[in-house]
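I have placed the structure first, in the form of structure tokens, so that the comments after it can refer back to it.
The values are calculated or read from the model by the stated rules, or taken from the named source; none is laboratory data. If you're wondering where the values come from, they're calculated on a predicted model, not measured in any experiment. Ideal geometry is used to build each Cβ from the backbone, glycine not excepted, and the neighbour counts take in all protein chains shown.
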Amino acid sequence: MVQAYCVKCRKKVEIKNPKSITMKNKRPATQGECPTCGTKVFRIGKA
């Protein structure tokens, strides 16, 4: 599983519903939500 930092929980969490996206500058990233609080989490780089 891919991990990302949740700003609200202040810890690394597993990304729930991970989705691969491409940012405006053409870099790959992974976006999803925190399983604890539901906040959007984001990880730059290929998953």
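Given the conditions (1) of a type in the set (A, V, I, L, M); (2) at pLDDT 95 or above; (3) surrounded by 13 or more Cβ atoms within 10 Å (Cβ to Cβ), report the number of the one that M23 does not fulfil. All conditions are met except number (3).
Matching residues to (1) more than 8 Å from the chain's Cα centre (by Cα); (2) surrounded by 13 or more Cβ atoms within 10 Å (Cβ to Cβ); (3) on the phi > 0 side of the Ramachandran plot; (4) among the basic types (K, R):
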| residue | (1), (2), (3), (4) |
| --- | --- |
| Q3 | no, yes, no, no |
| V13 | yes, yes, no, no |
| K19 | yes, no, no, yes |
| T30 | no, yes, no, no |
| E33 | no, yes, no, no |
| T36 | yes, yes, no, no |
| V41 | no, yes, no, no |
| K46 | yes, no, no, yes |
